[in-house]
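The structure's right below; bear with me while I get my questions together.
The values are calculated or read from the model by the stated rules, or taken from the named source; none is laboratory data. From a predicted model like this one, the values you see are computed outputs, not experimental measurements. Glycine also receives a Cβ, built like all others from the backbone with ideal geometry; neighbour counts cover every protein chain displayed. Note: areas computed on protein heavy atoms with side chains; ligands, DNA, RNA excluded. Shrake-Rupley method; radii C 1.70, N 1.55, O 1.52, S 1.80 Å.
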Amino acid sequence: MSTFGDPAARRRVLWGTLGLGGLGAAIGLNIAILKNLQPIARHTLTMSANWTIYGLFFLTTREMLLAEQYGKNRDLRLQVSQTRDADKMFSSTMAGMLTGGMLALVVRRTRRAAVSGALFFGAISAVGQLTYTALNHRRQQWIIRKMGYSTTAETEPKPDESMSLAA
């Protein structure tokens, strides 16, 4: 199934893009107020449009890469849950690199800027995905503990202390 044929992927791209546009508007508004830039609305809308375009390109690229990765999982008879974290890390990093490289190339018009933009945005995307994944795992462990299950291997026997070399 293609990226745009998947309703969940379309929803993630749509809401992610709108969220980034809103965040860009809030940041643009604050910068315009703090720097006393006039007219405030123009700066707010410009920042919102920039973040929306970045978000649309990044999220669409990421979803296309994820769809490709999940397609390979089917061919290799792997479940998505087995490779989800690695797939998301790869897709986010590559989407960040492509988006950052294209953005820098369009704005600066040099190859050097494209390389540095790709590396910078790729690093930001990788750190962001790593943080999200770690927080998601922490949340899952908290839910499991709240349900009364253990996240550690309490059923494993402890090593016999009499077998210790120090004894």
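If you take every residue apart from E68 with its C-beta less than 15 Å away from the C-beta of E68, what net charge results, scoring Lys and Arg +1 and Asp and Glu -1? Please list the in-between numbers first.
Values: positive: R62, K72, R74, R84, K88; negative: D6, E63, D75, D87.
Within the 15 Å Cβ shell, the charges total +1.
Would you mind telling me which residue in G28, G148, G128 has the biggest mean-square fluctuation in a Gaussian network model of the chain, where springs connect alpha carbons within a distance under 10 angstrom?
G148
How charged is the neighbourhood of L59? Take every other residue with its Cβ under 14 Å from the Cβ of L59, and add Lys/Arg as +1 and Asp/Glu as -1.
Working: positive: R10, R11, R12, R62, K88; negative: D6, E63.
After counting each charged neighbour, the total is +3.
Any idea what the dipole of the range 40-82 comes to, in debye rounded to 20, about its Cα centre with Lys/Arg Cβ at +1 and Asp/Glu Cβ at -1?
On the way: 5 positive and 3 negative charges, 7 e Å.
I would put it at about 40 debye.
Provide the packing ranking of 53-64, 79-90, 135-146, i.e. peptides ordered by the mean count of other C-beta atoms within 10 Å per residue, highest first.
Numbers: 53-64: 20.2, 79-90: 14.1, 135-146: 10.9.
In decreasing order of mean packing, 53-64, 79-90, 135-146 become 53-64, 79-90, 135-146.
Rounded to the nearest 500 deg cm²/dmol, what is the calculated helix-only ellipticity per residue at 222 nm for the chain, with -39500 (n - 2.57) per DSSP H run of length n ≥ 4? Present the calculation step by step, with values, prior to reporting the outcome.
Values: 4 runs with 129 residues, N = 167.
That comes out to -28000 deg cm²/dmol.
Additional query: Helix 111-146 versus the longest principal axis of the chain: what is the Cα-based angle in degrees, 0 to 90, to the nearest 10?
With both axes taken from Cα atoms, the answer is about 40 degrees.
I would also like to ask the following. Less than 15 Å Cβ to Cβ from D87, Lys/Arg counted +1 and Asp/Glu -1: what total charge do the surrounding residues give?
+1
In degrees, nearest 10, range 0 to 90: what is the angle between the Cα axis of helix 7-34 and the longest Cα principal axis of the chain?
60
Okay, moving on. Charges at C-beta only: +1 for Lys and Arg, -1 for Asp and Glu. How large is the resulting dipole of the chain about its Cα centre, in Debye rounded to 20? Don't skip to the answer; put the middle values down first.
Working: 20 positive and 10 negative charges, 166 e Å.
In debye, rounded to 20, the chain gives about 800.
Using the Karplus equation 6.51 cos²θ - 1.76 cosθ + 1.60 (θ = phi - 60°), what ³J(HN,Hα) coupling, rounded to whole Hz, does each residue of the range 80-92 give in order, writing x for Gly and Pro?
Residue by residue, the range 80-92 yields 4, 5, 6, 10, 4, 5, 5, 5, 5, 5, 4, 5, 5 Hz.
Could you please state how large a percent of the accessible area of the chain is carbon and sulfur, counting protein chains only and using a 1.4 Å probe?
Working: 7910 of 12300 Å².
Its accessible area is 64 percent carbon and sulfur atoms.
Using alpha carbons only, how many degrees (0 to 90, rounded to 10) separate the axis of helix 40-75 from the longest principal axis of the chain?
Between the helix axis and the principal axis of the chain, the angle is about 40 degrees.
Using Rg/Rh (Cα atoms, Kirkwood Rh) as the read-out, say which of (1) 1.16; (2) 0.98; (3) 1.02 was calculated from these coordinates.
The calculated read-out lines up with (1).
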